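The numbers here are math on the coordinates, done by the rules we state, and not lab data. Not measured: the values here are computed from a predicted model. Ideal geometry is used to build each Cβ from the backbone, glycine not excepted, and the neighbour counts take in all protein chains shown.
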Amino acid sequence: MTFRRGARLDPTQVRDVRGRGVPGGGMALAGGGGIVGLVLVVAYVLLGGNPGALLGSGSQVGTQFGPGEGESLAQECQSGEDANIRDDCRIVGFVNSLQVYWTDTLTQSQLDYEPAVTYLFSDGIQSGCGFATADVGPFYCPQDVSIYLDLTFFGDMRSRLGAQGGPLAEGYVVAHEYGHHIQDLLGDLGSGQRSSAQSVRTELQADCYAGAWVANAADTGFLNQPSRDQVAIALDAAAAVGDDRIQRRTTGQVDPDSWTHGSSEQRQDWFLVGYQGGDPSECDTSGV
């Protein structure tokens with residue numbers, strides 16, 4: 001999925017705090033170390049979970065950084081051409097497109113959209129949901145209405161989870177997190193512990209919202225219409241983070257009762273519901 005060369009980016013919607021150190025030092029991974037421990041953490045938190053639930057931080061303070069955050073993005077990420085070249089600028093472009101899309105979509109439903117902030121971090125970060133290392137994968141935190149992303153995750157998604165990767169695979173990940181933001185605004189995200197079935201329904205709806213954005217992304221003025229091959233890359237990413245595929249890679253066994261995000265087939269199916277219909281009102285996963 002490519003950006004329009006003349007599109008003007010707004011880097012103020014993304015805050016770049018990479019390379020600013022890990023507050024509070026390192027933290028052990030839940031589920032054990034190494035690739036198996038990493039993937040087990042990702043299986044729980046990936047694309048929407050609360051890192052505090054696994055990583056044991058009780059802190060509920062917001063993210064705080066000093067002046068100058070995002071200066072690099074402001075200088076380097078100004079146009080769609082920049083987004084086609086640089087990974088961080090591409091995230092800026094996706095965020096810009098998503099916020100335009102959801103602002104317009106909720107306005108049509110006579111609802112107000114509250115912008116979310118996306119943080120690019122490295123190593124670890126203190127969020128409103130607690131301290132998280134980069135190993136937990138991207139996540140949305142309702143406590144501070146922010147999305148957190150370490151760009152190295154996209155390499156891990158290819159090398160450790162078997163995804164093809166590519167720009168629209170990255171766009172799918174970001175769009176899924178913004179799907180959780182929409183659930184939060186609509187009062188559908190809930191709080192506290194969710195059952196496995198509730199969690200799966202929530203995650204599949206976020207996949208559906210991501211598909212709806214892809215279907216309408218060209219109308220936001222930032223992106224060109226995706227090709228069939230590019231949509232296939234997003235579907236491949238959805239399959240790579242299916243619970244059954246992750247369990248098979250890590251344990252050799254599949255346990256549907258323990259799923260939190262849904263199977264590869266379910267994640268692809270619900271992305272397609274959103275993409276083919278282009279209407280987030282069709283993303284009712286209550287019957288799953």
From the Cα centre of segment 140-203 to that of segment 221-248, the distance in Å is 13
For 8-15, 177-184, ranked highest to lowest by mean beta-carbon neighbours within 10 Å, the order is 177-184, 8-15
Please give the Cα centre distance for segment 118-136 versus segment 252-288, rounded to the nearest Å. 26
